[in-house]
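The values are calculated or read from the model by the stated rules, or taken from the named source; none is laboratory data. Bear in mind that the values here come from a model prediction, so they are computed numbers and not experimental data. Here the Cβ positions follow ideal geometry from the backbone for every residue, glycine too, while neighbour counts run over all protein chains shown.
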Amino acid sequence: MAQTTMTVRLNETLSEFVAANVGERGAYENVSEYMRDLIRRDKERVEREAFDRLKAELAQAYAAPDSAYKRCDRAQSGLITGLDCGCRAHQEAASWQLLLASTIEWRRRHRDDPA
């Protein structure tokens, strides 16, 4: 995996805070390890928030009456553009939207199915 070197400028207060968390006194061996962990945790937080938003949308869709649904195909919903444009961010957003649409459709078909 390719690595990138970045320079980060910190004021004295933040620099002292980092120093307290690195080395013999801290939980991390070096600043790079500390920064990677912070970035990983922030990435996980962002992904968790996106998943929570999706769950909220699914809960709202699941609670909606049948009259709130309008049948449309993939092209009508605009998802085809996001999936086919080649942009990773659009593809991921469109994938979530497809998952939501598929879940709503599944719910509609299985609402009265006791199995």
Worksheet item: What about L38, is it without any contact (Cβ under 8 Å) to a residue 40 or more places away in the chain, outside any loop (DSSP other than H, G, I, E, B) and among the hydrophobic types (A, V, I, L, M, F, W, C)?
Response: yes
Discussion item. Looking at the range 1-57 only, could you name the residues that are more than 30 Å from T103 (Cα to Cα), surrounded by 13 or more Cβ atoms within 10 Å (Cβ to Cβ), touching a helix residue (DSSP H, G or I) at 6+ places or on another chain (Cβ under 7 Å) and of a type outside the set (S, T, N, Q)?
Written reply: V18, V22, G26, Y28, V31, Y34
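Quick grid of which residues meet (1) at pLDDT 95 or above; (2) among the basic types (K, R); (3) not in a helix (DSSP H, G or I):
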{"position": "M1", "(1), (2), (3)": "no, no, yes"}
{"position": "T7", "(1), (2), (3)": "no, no, yes"}
{"position": "T13", "(1), (2), (3)": "yes, no, no"}
{"position": "F51", "(1), (2), (3)": "no, no, no"}
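Return yes or no: is R45 assigned to a helix (DSSP H, G or I), basic (K, R), modelled with pLDDT under 70 and within 24 Å of the chain's Cα centre (by Cα)? Walk me through how you get there before you give the answer.
Values: assigned to a helix (DSSP H, G or I): yes; basic (K, R): yes; modelled with pLDDT under 70: no; within 24 Å of the chain's Cα centre (by Cα): yes.
No: the conditions fail for R45.
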